[in-house]
Amino acid sequence: MMAMQQIETPQTGSPKNVQPLLRITGLTTEFRLEGGRRLQAVQDVDLDIGAGEILGLVGESGSGKSVFAQSILRLVQPPGQVVAGAIAFEGRSVMDMSARELSRWRGRDVGMIFQQPQSCLNPVRRIGWQVAEPLLLQEKLSRKAAWAGAVDLLRAVGIPAPEEKVLAYPHQLSGGQAQRVMIAIALALKPKLLIADEPTTALDVTIQAQILELLRESCRMLGTSLLLVTHDLGVVARLADRVAVMYAGRIVEEGPVETMLTAPAHPYTQGLIGAAPQLGQARGVRLKDIPGTIPDLSRLGAGCAFAPRCDARAGQNLESCTLSQPLPVSIRPRHRALCFAAKASSAVSPCEISP
Amino acid sequence: MLQYVARRLLLLIPVVIGILLVTFLMKALIPTDAVTAIYSGTLSEKDAAEAIATLRAKYHLDLPWYQQFYIYVRDLMSGDFGESIRLRKPVMDELGYRYVNTIILTLAALAIALVVGLTTGILAAVKRNSWLDVTATTIGLFGISMPAFFFGLLLILVFAVWLRWLPVVPRGTMALLLPAVALGLIEAAPISQVARTSMIDVLGRDYIQAARARGASEFALVVRHALPNALIVVLTLVGLQIGNLLGGAFIIEAIFGWHGIGELAVNAIEWRDFTLTQAIILISAATYLVVNLVADILYAWLDPRVELNS
Ligand SMILES: Nc1ncnc2c1ncn2[C@@H]1O[C@H](COP(=O)(O)OP(=O)(O)O)[C@@H](O)[C@H]1O
Ligand SMILES: [Mg+2]
């Protein structure tokens with residue numbers, strides 16, 4: 001963590017004095033498993049999100065994206081726990097917030113939507129009740145005003161006949177409508193950051209594009225930053241300004257979307273792009289999945305977690321891969337990778353790579 | 001909703017006919033008929049035969065069964081539950097106030113069971129694995145395995161005999177206290193268990209996490225979001241439990257000398273008073289039906305997922 005900051009700071013593209021909206025440093029989230037073993041689902045993650053920015057977070061299923069997203073809002077429940085790291089939101093430390101402050105912060109400054117919109121709505125409460133809740137509890141609006149607000153919010157996210165839909169129950173909505181409702185709730189108080197954890201994965205393909213468009217437009221209008229978690233690189237290519245790739249709990253590569261997709265430095269990112277239908281074909285790469293699967297996060301060795309599946313390591317026979325954790329390498333401004341084999345592009349002088 | 005209630009009522013018709021048939025046929029299954037039982041040994045043979053014939057005619061025992069059934073139902077319809085053979089007065093005169101007493105006892109017990117059961121169950125779920133949870137669960141296990149009459153006797157022993165806080169045979173509202181507590185606490189145990197389990201289940205659902213993510217406090221999560229869902233499960237149990245509660249009331253009444261229909265039922269059977277027994281069974285069955293109907297309607301009203309039109 002310290003090493004990364006020393007290497008990173010002089011080379012990031014953004015000016016040093018501008019504080020990002022969200023700065024995460026050294027975040028580590030651990031689950032205590034039965035039998036006393038520990039599983040670190042998020043390991044020593046550093047990440048910034050700028051104001052108004054769309055950051056895509058990609059990685060295979062099981063790589064720790066959801067746990068990371070929930071860790072940011074301190075939503076991880078026992079047996080899970082954030083065991084290390086700092087989260088600064090506009091300079092305020094989220095880790096030091098009291099339960100009360102945390103409630104206020106979650107309602108007003110950040111919002112979150114999830115993968116299964118229908119199971120995220122309370123089955124016995126009317127849609128209007130759920131949409132009006134932030135207005136009622138956080139804004140202290142009157143019941144009548146909150147209810148009217150709910151109708152307006154539903155209209156804004158494109159729900160037809162919102163005056164009727166406020167009276168509906170969740171099981172009467174389609175998946176796409178439920179996700180629109182979730183977006184309406186999350187954006188009710190115009191938060192500065194929205195975290196969307198695979199918001200379209202569970203939806204019909206025909207609906208996915210509409211929901212993504214709605215997310216992008218709503219965030220643009222409100223000036224809200226978006227952390228978009230997905231395992232679909234096509235979604236990232238269309239929406240994101242910046243991309244972070246997660247593997248086995250770590251951010252293994254991070255950079256602006258153009259350079260990440262055209263010149264990925266980490267063998268895992270290269271593999272992901274090779275496996276993505278539209279992207280792979282566009283680059284003339286033959287479609288192929290990365291062989292092997294994500295390792296058991298509770299039984300990780302000392303070296304790079306990707307080493308057993310890594311083409312680059314096999315080709316160059318790098319000893320260090322299995323012995324120690326790679327330190328971040330700056331590939332070019334604002335683009336870094338966590339790999340012994342990654343090389344800095346010629347434009348920038350290479351950083352030291354510790355053996 | 002009205003449609004749903006109407007449909008449920010229609011479905012009850014065959015059940016009601018069934019109950020009427022069973023209570024009517026009961027007396028055919030009793031080995032000695034009641035009239036014979038009353039006079040056997042008390043009168044000379046000739047007088048007895050005469051008296052029996054008169055009474056048989058009075059109770060229509062000389063008619064074919066289907067005519068008897070018709071008369072039985074017709075009389076019930078006009079609110080005539082017959083005359084008690086032993087007490088020599090209309091059954092309803094005795095049954096009426098005793099029925100009210102039993103309902104009072106059952107409702108008081110239900111209120112105690114709900115308050116105690118829900119509070120401990122919900123607290124145990126929210127403070128899972130705390131000393132409170134462990135204590136509540138342990139006591140609950142005792143409650144579930146203890147018969148109501150034993151617990152009742154235990155209460156009398158402790159509060160009336162040892163501590164002398166209450167007379168052994170109290171009067172007025174005090175008379176209600178011990179039997180209601182005995183019955184209520186016994187029934188609180190399963191309510192507490194189900195409330196705890198369903199609350200733990202609900203608190204782990206996605207919609208609770210989503211509500212937490214939008215800034216709901218832990219208190220709001222429990223009360224506004226989780227409780228309505230958990231209550232639906234508890235309600236189903238309570239609907240089934242009312243039967244237990246009524247059955248328990250019969251025994252508890254006999255122990256505490258509470259003048260309800262339970263106490264009366266014990267007497268009626270001893271007296272071989274079939275009109276009285278019939279009426280008691282009928283009224284208990286009817287109560288059970290109504291309670292279940294109310295539980296079903298409440299359930300449909302609380303859970304929007306119950307399809308009201310199918
Ligand atoms: N409640 C939990 N208890 C134990 N392990 C968990 C729990 N939740 C997640 N994990 C583990 O954390 C890792 C990351 O999971 P997740 O964040 O859901 O991945 P992703 O969202 O990238 O698919 C997985 O190995 C998973 O087994
Ligand atoms: Mg996930």
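The values are calculated or read from the model by the stated rules, or taken from the named source; none is laboratory data. Everything quoted here is computed from the prediction, not taken from an experiment. For neighbour counting, all protein chains shown are included, and Cβ atoms are generated from backbone atoms with ideal geometry for every residue, glycine included. The accessibility values were calculated without ligands, DNA or RNA, using every heavy atom of the protein model including side chains. Shrake-Rupley method; radii C 1.70, N 1.55, O 1.52, S 1.80 Å.
Summary table below
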read-out	value
Net charge dipole size for segment B:148-290 [Lys, Arg +1 and Asp, Glu -1 on Cβ; Debye, nearest 20]	460
Largest to smallest accessible area among B:K89, A:K65, A:K165, B:K46 [probe 1.4 Å]	B:K46, B:K89, A:K165, A:K65
Within chain B: Cβ-based charge dipole about Cα centre, in debye rounded to nearest 20 (Lys, Arg +1; Asp, Glu -1)	820
Which of B:V161, A:V229 is most accessible, then next, and so on - probe 1.4 Å	B:V161, A:V229
Cα-based Lys proximity count in chain B, under 24 Å, for pairs eight or more positions apart or on separate chains	4
Heavy atoms of B:H259 accessible to a 1.4 Å probe, total area in Å² rounded to 10	90
Paramagnetic reach from A:D241 in segment A:55-76 [backbone N under 13 Å; point 7 Å along Cα→Cβ]	A:55-56
Förster-model FRET efficiency, 22 Å R0, A:S174 and B:Q3, C-beta, rounded to 0.05	0.25
GNM top mover of A:P78, A:P170, A:P134 - chain A, alpha-carbon springs below 10 Å	A:P78
C-alpha long axis of helix A:175-186 to longest principal axis of chain A, angle in °	90
With Cα atoms, 0 to 90° folded angle of helix A:205-222 axis to chain A main axis	80
Which of B:W131, B:W162 is most accessible, then next, and so on - probe 1.4 Å	B:W131, B:W162
Low-density loop cleavage sites - GluC sites (Glu not before Pro) in segment A:31-102, where at most 11 other Cβ are within 10 Å (DSSP)	A:E34
For segment B:83-97, Karplus couplings with θ = phi - 60° (6.51, -1.76, 1.60), whole Hz, Gly/Pro x	10, 5, 5, 7, 7, 6, 8, x, 3, 5, 4, 7, 5, x, 6
Signed unit charges on C-beta, dipole axis of segment B:93-302, positive-most listed residue B:L221, B:T287, B:L163	B:L221
Cross-link partners of A:K190 among aspartates and glutamates (Cα-Cα below 19 Å; sequence separation of 8 or more within a chain)	A:E53, A:E90, A:E101, A:D109, A:E133, A:E139, A:D152, A:E213, A:E217
Amide hydrogen neighbours beyond the local backbone of A:Y247, cut-off 5 Å, H modeled	A:V252
Angle between chain B longest axis and helix B:274-302 axis [Cα atoms, degrees, rounded to 10]	20
Positive-end residue, the protein assembly as shown charge dipole about Cα centroid, Cβ charges, pick of B:L203, A:H171, A:A265	A:A265
Long-range HN-HN contacts of A:S324 with modeled amide H, under 5 Å	A:C304
Hz values of 3J(HN,Hα) by residue in segment B:127-139 - Karplus curve (6.51, -1.76, 1.60), Gly and Pro given as x	9, 4, 6, 7, 4, 5, 4, 4, 4, 4, 5, 5, 4
Assigned charges on the beta-carbon of Lys, Arg, Asp, Glu; segment A:20-248 dipole about Cα centre (debye)	680
Under the Karplus curve 6.51 cos²θ - 1.76 cosθ + 1.60, θ = phi - 60°, whole-Hz ³J(HN,Hα) for segment A:248-254, x wherever Gly or Pro sits	6, x, 10, 7, 8, 7, 8
Net charge contributed by nearby residues that have their C-beta within less than 11 Å of B:L221 (K/R +1, D/E -1)	+3
